[in-house]
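This report concerns only the one structure given below.
The values are calculated or read from the model by the stated rules, or taken from the named source; none is laboratory data. All of these numbers come straight from a predicted model, not from anything done at the bench. Cβ atoms come from the backbone with ideal geometry, glycine included; neighbour counts cover every protein chain shown. We work out accessible area using only protein heavy atoms, side chains counted, and drop any ligands, DNA or RNA first. Shrake-Rupley method; radii C 1.70, N 1.55, O 1.52, S 1.80 Å.
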Amino acid sequence: MGLFDFFKKKPAAPKVVVEVLYPQTWENGEAPVEPTVLAAEVLQPTPGEAVEIQVPSHIVAEDVAPVAEVVETVETETETETAVTSETNLDEGLTKTRKTWSERWNAFMANFRSVDEDFFEELEETLIGADVGAQTALQLTDELRNEVKLQNAKSKADISRVIIDKLVEHYRSQGVNEDASMHFAPEGPTVILFVGVNGVGKTTTIGKMSARYKAEGKQVVLAAADTFRAGATQQLQAWGERNGIPVVAGAANADPASVVYDGVKTAIETNADILFVDTAGRLQNNVNLMQELAKMKRIITRELPNEPQEVLLALDATTGQNALQQARLFKDSTDVTGIVLTKLDGTAKGGIILPIRNELHLPVKWVGLGEQVGDLQPFDADDFAKSLFGSLLIGDDK
Ligand code: GDP
């Protein structure tokens, strides 16, 4: 059975080990066109490298064949429809993060002797290890020094309570200018532009989010303006087909701006409520990328003066501090209105939400909790904090 048949026969997210082979995709000495499926875990895999990947069910073998060869099948999952219709709840999606937080926390508290400088240093390291970033970890530790004094906390249980309370407070607190709601045009199409580097989950998020809005009765259109990444258009078309949503696409390597233009026209002509625009995210060429995004915005605004209402930056939670770097870059160059934090199900850290809000002051609007259509949720800070720390608050009171 060839690779193609393999995927055709088992379209339900098989896990495979692939060998990366894409010599023909190197272009003019530039970084390679990232293989569609590998993009998530291995941004620039080395030819010949063997990596294990989860192949999303909507991706067909053509997307994989030119860039990778299956070496070994690790595991195949058989469920299809059920996974697509069921929603991953936050508790399920945060399982890895919660488990790691509580393990780290228990290990940290097991070492507790007294509240001294060593204790706070260790606390700071624990926080950095959970991806909250150096600046936020320092700020939190400083606040906790005061809080511990203020509350005269001395016993292990008291200290634990003070720290967890502070963490919960930080997760729950909204930034001053933070608006986590989605904005829609009072009439005419609303445009939601997705930006972010390759592999962070833009296309997947559009697939999920468009299905969600369609289910709420909105008429949606997708524009496949990521004409650079091999397979991106087909990937979006597959989502469109599956959810009965029209997709406007151009030829391979077409000017993304022309696809955006066609998308806007289609949205206006068909009286659509929402147009989702997928864009390319070539990291190796920031200047061009930002110019391209600016051009797309100009085209949208020329046709629909109040659009785009939303410029959502997708960040991959599993990339930790890299995600912060990307956010800084995009924030400086485009008017990002909010963050979609993807792959929270795949990280054991989850602390990244704090520096995004503390240091960048960008609202997290959505969280991605898996690859299926139901695995996207609006971000609710309260629920998030409860899900992450609930067990610690109850369990650590000895
Ligand atoms: P893009 O290049 O930004 O458009 O990224 P894609 O949408 O192609 O996503 C890259 C990979 O990440 C794909 O394999 C997706 O299935 C996967 N992915 C996207 N969002 C999530 C998520 O929330 N959780 C998990 N586990 N995988 C995701």
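Worth pointing out:
- Ordering of 347-359, 297-309 by burial proxy (mean other Cβ atoms within 10 Å per residue, highest first): 347-359, 297-309
- Here the accessible area is traced with a 1.4 Å probe on the protein chains. For the range 190-379, carbon and sulfur cover 47 percent of it.
- The range 167-223, dipole about Cα centre (Lys/Arg Cβ +1, Asp/Glu Cβ -1), debye to the nearest 20: 320
- Across the range 290-398, Cα-Cα pairs more than 20 Å apart make up 48 percent of the total.
- Taking packing as the residue-averaged number of other Cβ atoms within 10 angstrom, the listed peptides 243-255, 142-154 run from highest to lowest as 243-255, 142-154.
- Looking at the range 190-379, the accessible area is 33 square angstrom per residue; that uses a 1.4 Å probe and ignores ligands, DNA and RNA.
- For peptides 112-125, 268-281, 327-340, sequence by mean Cβ density within 10 Å, most packed first: 268-281, 327-340, 112-125
- Long-range Cα-Cα pairs in the range 190-379 (distance over 24 Å), rounded percent: 32
- The magnitude of the dipole of the range 190-379, with charges of +1 and -1 set on the Cβ of Lys/Arg and Asp/Glu and taken from the Cα centre, is near 260 debye.
- Sequence-separation-based contact order of the range 322-389, relative, with Cα cut under 8 Å and 6+ spacing, percent: 29
- Computed on the range 190-379, with alpha-carbon pairs under 8 angstrom and 6+ residues apart, the relative contact order is 25 percent.
- When the listed pairs 99/349; 208/386; 297/331; 214/331; 96/156 are checked against a 18 Å cut-off, the alpha-carbon distance exceeds it for 208/386; 214/331; 96/156.
- The distance from the alpha carbon centre of the range 135-202 to that of the range 276-330 is 23 Å, rounded to a whole number.
- Charge dipole (debye, nearest 20) of the range 90-176; +1 at Cβ of Lys and Arg, -1 at Cβ of Asp and Glu: 320
- Taking amide hydrogens as placed 1.01 Å from N in the peptide plane, the amide H of residue 190 sits under 5 Å from those of 185, 274, 275, each at least 5 positions away in sequence or on another chain.
- Relative contact order for the range 90-176: 22 percent, from Cα pairs under 8 Å spaced at least 6 residues apart, divided by residue count.
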